[in-house]
Every structure is written in structure tokens, then in C-alpha cells.
1. Could you check the spin-label model distance between A:Lys51 and B:Ser62? Points 7 Å from the Cα along Cα→Cβ, value in nm.
2. Give me D for the protein assembly as shown in µm² s⁻¹, whole number, from Stokes-Einstein with Rh from the Kirkwood sum over alpha-carbon pairs, 37 °C and 0.692 mPa s.
3. Under the rule a/c < 1.5 gives rounded, and otherwise a/b versus b/c splits prolate from oblate, where does segment B:1-52 land using the Cα gyration tensor?
4. Rounded, prolate or oblate: which one fits segment A:60-109, using the alpha carbon gyration tensor with axes a ≥ b ≥ c (rounded when a/c is under 1.5, else prolate when a/b beats b/c, else oblate)?
5. Which aspartates and glutamates, if any, have their Cα less than 20 Å from the Cα of A:Lys51, not counting same-chain residues under 8 positions apart?
6. In square nanometres and to one decimal, what's the mean projected area of the convex hull around the Cα atoms of chain A?
7. What net charge is computed for the residues neighbouring B:Gln6, neighbours being all others with C-beta under 9 Å from the C-beta of B:Gln6, Lys and Arg scored +1, Asp and Glu -1?
8. Which aspartates and glutamates, on any chain, are close to B:Lys11 with Cα under 19 Å apart, when same-chain ones fewer than 8 places away are left out?
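Bear in mind that the values in this text are calculations on the coordinates, not laboratory data. Here the structure is a predicted model, which means the values were calculated and not measured. No Cβ is skipped: glycine too gets one built from the backbone with ideal geometry, and neighbour counts run over all protein chains shown.
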Amino acid sequence: GQQVMQIPQYQHVQEGEDFTTYCNSSTTLSNIQWYKQRPGGHPVFLIQLVKSGEVKKQKRLTFQFGEAKKNSSLHITATQTTDVGTYFCAGRSSNTGKLIFGQGTTLQVKP
Amino acid sequence: GAGVSQSPSNKVTEKGKDVELRCDPISGHTALYWYRQRLGQGLEFLIYFQGNSAPDKSGLPSDRFSAERTGESVSTLTIQRTQQEDSAVYLCASSLRGGRVDYEQYFGPGTRLTVT
């Protein structure tokens, strides 16, 4: 069946270092959403990408949607301790219409 | 305004008992989703409601799981004859509309279910 894979599963960085998580789908996506879940909290919507090759920025966060609309990335510049949490992508399949969440990338930031 | 609320926040039950979990979506949100999240794992889609109909029930893991929704408001997820593998946090989310055009989902705080 269709899968949305996220890598890496875990990432430990020193505060100030950059961080990137990648989301890859086996099929074309009509859109992709990103969510952040703080430890002990619930997922909170960050952004949605719809267009092929789209790039959106939110302060230190940069989101990209691949040209083939099968992959996406989230890049954080100069991480801070407030960035700690698990980042999930969720892709809507162009074929089946189903929304599938990736397994998440958990980010730890050492002060 | 008020966000998505879920009750109870924690539920401990004995194996074999039935449990009912409740979700109150944001007023005006026609789409409602249920997810399961096991400890340290990602989100597992269970069911999606558009209004009070469920066009996608594909994620329900077994016939012990069922869900209903009254109009465009409260939804309940029922798990019959609970098993230890059902232990997880059950998250509810709502969005303005559903279907193939996505709107951001607003998540509730979840219900932590522990089956002993």
C-alpha cells in the first residue's frame, strides 16, 4: 500500500546547528502538510504545500515540496531548544485521496 | 474560540471491557478525524467523518472499533472487548472541511487509554 516515509527517525543536534527532516512518498501527492508535536502535547499544524517545487518559509523554518510532488523537506536553521519535538508530514495521495501521516522525526536540541 | 476537546483525558480499563471516547470538534468544522498514537510512534489514521457520514473507515483496525458522529458536532469512538494492544493515545482532529482539498487539522489533547 501507499507509504509516507520520514527520515531520520531521531536527530540530536547542538543548539545553533541546522536540522533537516525528509518526507518521501511512494506515489504522487496532491498536497503535503507539516505538523509539530511537542513532548506530551498534540500535533499542531505548521504549513501546507500544494504546488510542485513550492518553497515556503516561516522564520527559521523552510519547507519544500519536490518537483515530482513525491517528497518534501523541512529545514530548521540555527536550532533552538524551543524547536524540540516531533515533526510529522502528512501527504494526500493524488490516486486514492487518502491522507497518510509519516512516522515523524523526533528532534532533540542540546543547549 | 474553544479548541477541540476530548474526554476523558485518561482512561484505565480492564481487558475485555468496552470503552467510549468522546470528541467535541471546533464549532463549524464539518470534518472530523480519529487517530491512534502508540507510545513513541506516529499517527495511525482510524476514521474520517464529513458531517455525520464516514466516507473513510479504512483505518479501523478491527470490528471491535466503531465510531459515530451526531450531525456536525460530537463524535464518539467505541472500543469493544478492549485488548492490551489497544493501549495508546487516541487523538481527535477537526477541520473546516474535508475531502480532497485539505484544510489544517486542529487536534484535541487526546485520550490516553491504558488496558490492564
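1. 4.8 nm
2. On the way: Rh = 18.1 Å.
The diffusion coefficient I find is 182 µm²/s.
3. Here segment B:1-52 falls in the prolate category.
4. oblate
5. Partners within reach: A:Glu67, B:Asp102, B:Glu104.
6. 6.4 nm²
7. Within the 9 Å Cβ shell, the charges total 0.
8. Filter leaves B:Glu20, B:Asp24, B:Glu85, B:Asp86.
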